[in-house]
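The values are calculated or read from the model by the stated rules, or taken from the named source; none is laboratory data. Since the model is a prediction, treat every value here as computed from it, not as a measurement. Please note: Cβ atoms are built from the backbone with ideal geometry, for glycine as well, and neighbour counts cover all protein chains shown. Keep in mind that these areas ignore ligands, DNA and RNA; they rest on the heavy atoms of the full protein, side chains included. Shrake-Rupley method; radii C 1.70, N 1.55, O 1.52, S 1.80 Å.
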Amino acid sequence: MTILFHNTTFDKIDVWKKTIKKYFKNENLITIKDYKKFDEVKYAIIWNLPDEILSKLKNLKIIYSMGAGVDHILKLKNYNKKIPIIRIKDEQMGERIANYSLAQILNYQLNFKIFQNSQIKKYWSGERTPIDNKNLTVGIFGLGFLGKHIAGLLNKLNYNVIAYKKSSTKVKNVKIYTGKNIITFIKNSDVIISILPSTFQTHNIIDKKFLNMMKKHSCLINIGRGNTIEEKDLLNHLKKNKNFFAYLDVFKNEPLKTNSQFWKLPNVTITPHVAGVTAIESSVKYMYSVYKNIKMNKKVKSDVNLSNGY
Ligand code: GLV
């Protein structure tokens, strides 16, 4: 059997290929250059596969997303909803995304962005009182598998953790808001970490109205998807509110264009979609465990709820 591997943006693509070969020893690994073998392809391990390639994989049985998000697959016109999608659900990725979130929270509460801007101007800005963990309420916007990892780390460090989730659930030491309580969630947060997937319901959910409800001295960390933010509204908000900071890892269009105004604003920190880098070894091991189940004729359940869109 044959596996198609496609990814042009991740780091360490050679290690990815080596690791896939190590686990899936008895399978052929091909890339889109080997188009003559497309009919043999049963498994696809992909990130941003072009739609026209997907349309040529007539015998595809399983699609593995190389990340936690599956929007890159669901948006393809030729995606056949009967083909199960397996997404990465990995503790290591959970640790990475929690570390990233903590780093940006610390950046905000210790005024590092201000010091960094002063350094560029060779200006000694003087003492500024940091915000203590116990006085900072962090709101996690989207409390799925990864959001819970963030909550776990922040709880250990004495932050007040609250969250907003579409459906109600219980997580130890996290006050959870649902439905219309979104307003209280926004107003009570000193920091909002948005980790929402891209769906028709989350599209531009962080807009002018949302931002105006946030505290004037606060920060927004976006590690979910760029299209959950109405970027024009965020730009205006950042220009008007100098004590409002944004830590942005994802954008509507990536890579972010050189002429984007986000690059220049003193209250913005940009990272290139790296908050939850997929851990290779543990993820391929997970993919292989799903594959073994298929081999044993166990039914494969898609990780994706198509009606929710993620
Ligand atoms: C990254 O954005 C991912 O979906 O894993």
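Restricting the first member to segment 129-156 and to residues that are touching a residue at least 60 places away in the same chain (Cβ under 8 Å), and the second to residues that are among the hydrophobic types (A, V, I, L, M, F, W, C) and assigned to a loop (DSSP other than H, G, I, E, B), the beta-carbon pairs closer than 8 Å and six or more apart or on different chains are 141/195; 141/196; 142/195; 142/196; 145/68; 146/68; 146/195. Among residues of segment 271-288 being small (Gly, Ala, Ser) and surrounded by 17 or more Cβ atoms within 10 Å (Cβ to Cβ), the one that is nearest to the ligand (Cβ to nearest atom) is 276. Cβ separations smaller than 7 Å between residues 6+ apart or across chains give the following pairs from segment 24-39 residues that are closer than 12 Å to residue 5 by Cβ to residues that are loosely packed, with under 14 Cβ neighbours inside 10 Å: 30/37.
Might you let me know whether segment 121-134 holds any residue that is under 26 Å from residue 193 (Cα atoms) and open to solvent by less than 20 Å² (accessible area, probe 1.4 Å)? No; the residues of segment 121-134 include none that is under 26 Å from residue 193 (Cα atoms) and open to solvent by less than 20 Å² (accessible area, probe 1.4 Å).
Is there a residue in segment 105-117 that is in contact with a strand residue (DSSP E or B) (Cβ under 7 Å, 6 or more places away or on another chain), in the same structural domain as residue 221 (by TED's automatic domain parsing) and open to solvent by less than 20 Å² (accessible area, probe 1.4 Å)? Yes, that holds for at least one residue. What residue, among those in segment 1-52 that are of a type in the set (D, E, K, R) and closer than 20 Å to residue 71 by Cβ, is least open to solvent (accessible area, probe 1.4 Å)? The qualifying residue least open to solvent (accessible area, probe 1.4 Å) is 51. Determine whether segment 272-287 contains at least one residue that is among the basic types (Lys, Arg) and farther than 20 Å from residue 117 by Cβ. Checking segment 272-287: at least one residue is among the basic types (Lys, Arg) and farther than 20 Å from residue 117 by Cβ.
Residue 70 fulfils the conditions (1) among the β-branched types (Val, Ile, Thr); (2) within 12 Å of the ligand (Cβ to nearest atom); (3) in contact with a helix residue (DSSP H, G or I) (Cβ under 9 Å, 6 or more places away or on another chain) except for a single criterion, (3). Taken over segment 248-270, the criterion of being more than 12 Å from the ligand (Cβ to nearest atom) and surrounded by 12 or more Cβ atoms within 10 Å (Cβ to Cβ) is satisfied by 248, 252, 256, 260, 261, 262, 265, 266, 267, 268, 269, 270.
Return the residues of segment 73-97 that are more than 14 Å from the ligand (Cβ to nearest atom) and in contact with a helix residue (DSSP H, G or I) (Cβ under 6 Å, 6 or more places away or on another chain); say none if nothing qualifies. Hits for segment 73-97 are 76, 77, 78, 79.
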